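Written below as structure tokens is the structure these notes are about.
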Amino acid sequence: MDHLRRSFLVICASLLTIVLTGCPSETPEAGDGASDGGKKKRIVLLTNGPDPFWDTCESGAVSAEKEFDLDGKGYVLSFERGDFTDKAQLDKLKQYNLQSDIAAVGISVYNPESAAIAREMKKLQDKGVKVITFDGDVSREQFRDARFAYLGTDNIVGGRELGRAALAIRPKGANYTFFVGSTSAANAVARMDGFVQGMGKSGNEIERLADEADKVKTRKNIEGSLDRNKDLNMLVGIWAYNTPQMVQVVKDRKLGEKVDVICFDAAEASIKSMGDGDVDVMVVQNPYQIGYESVKLLLAMVEEDQATIDEYYPDYAQEGDKDLFKTELRVVVPDGSPIEKHMFDSTTVFMTYEEFKAWLEERSLVSS
């Protein structure tokens, strides 16, 4: 009996040990942004597609991630790229809605008229995820409540400034074609419409040609438009990668004296081309600032830092310009250009090529 009693006690003690060691310890309280036993929450920036512009934007976002110590606060930055389709962005948003580690999402909307994208953005907000748009907004008339606010370039103003520059280059009139990845993307539509306003009656729009971000197709579009339109004397690049293709076609065909090349954004190759005398004007955004400010704003939103939010939107309301934060815009011209500072809005920065190069070097940037 003593032997059985001892055996019974040993078994009970063993079982008690197993039970105690098998029980999970009390979950520590999550810190700011932490959840799921310490798993970091994600702050996501989703672009509309791959482009040199977004490389610089990501650099700004990473700088903000470090400066504001996202890691120490329980967050991690996730910079993700679309592919210039509605589907890619929609699929990403659906994924975010199924994931528990999403704290905030900024999206550069590809198609502003997409009800499906707006619906997924609203679902995220309903879950408590903070949502903004940057660089490309939703249709404000239809889906303004799908995001808290917009941060980025005022693309209508940017297009208008490029149109004013074009008018200075061709005061007696220009016949122009637009080249862009998508003719329906939010920022593309705004830039082209703004350009028409800035150019006014002196301009004659010939075509708007989309290339789906395919550089081979970009070149074919340029060559085709020149072949079809013998009076075409101005090529207008709307997205960063369009310009180097325009420059190359004009050089190959020896049309430099007849055809002007003007553009949005300053890809590295475009900057060099301006220095070589092959680009007549660039309207340049500040993608570094867009990335930096987007991360700063989203962090403030998830931390409920109202003072910082008010710095961006002091009179916030989803009407007029009260939910728009406009980032920097500059016009860059080569030496000897007929384009002058007084032609533009007072808030637009005017720079010569050499001044712009120095500005980039100070920030260790090669494009903007």
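Points to keep in mind about this one:
- Relative contact order [Cα under 8 Å, 6+ residues apart], the range 229-316, whole percent: 22 percent
- DSSP bridge orientation in the chain - percent antiparallel, rounded to nearest 5: 10 percent
- Average Cα contact separation per residue, the range 82-241, under 8 Å, 6 or more apart, as relative contact order %: 21 percent
- If you take all other residues with their beta carbon under 9 Å from the beta carbon of Ala213, and give Lys and Arg +1 and Asp and Glu -1, the sum is -3.
- Other residues whose C-beta falls under 14 angstrom from the C-beta of Val236 contribute a net charge of -3, scoring Lys and Arg +1 and Asp and Glu -1.
- Only helices enter this figure: runs of n ≥ 4 DSSP H residues, each worth -39500 (n - 2.57), summed and divided by the residues of the chain, yield -13500 deg cm²/dmol at 222 nm to the nearest 500.
- Oblate is the label for the range 313-368, because a/c, from the alpha-carbon gyration tensor with a ≥ b ≥ c as root eigenvalues, is 1.5 or above and a/b does not exceed b/c.
- Helix 353-362 vs. the chain, principal-axis angle (Cα, 0 to 90°, nearest 10): 20 degrees
- Cα gyration tensor shape for the range 142-240, rounded if a/c is under 1.5, else prolate or oblate: oblate
- Angle in degrees between helix 287-302 and the longest Cα principal axis of the chain, rounded to the nearest 10: 30 degrees
- Helix 2-22 vs. the chain, principal-axis angle (Cα, 0 to 90°, nearest 10): 20 degrees
- Each part gets one Cα centre, and for the range 97-168 versus the range 279-314 those centres are 13 Å apart.
- Stretch gain in nm, segment Glu304-Lys66, where the contour uses 0.36 nm per residue and the Cα spacing is subtracted: 83.7 nm
- Pairs of Cα atoms nearer than 8 Å and 6+ residues apart set the relative contact order; for the chain it is 17 percent.
- A simple packing score, the average count of other Cβ atoms within 10 Å per residue, orders the peptides 116-122, 343-349, 332-338 as 116-122, 332-338, 343-349, with the highest score first.
- Shape analysis of the chain based on the Cα gyration tensor places the equivalent ellipsoid semi-axes at 52, 20, 19 Å, largest first.
Values quoted throughout were computed directly from the atomic coordinates according to the rules given, and no laboratory measurement underlies them. Model, not experiment: these values are computed from the prediction. We place every Cβ from the backbone using ideal geometry, glycine too, and count neighbours over all the protein chains shown.
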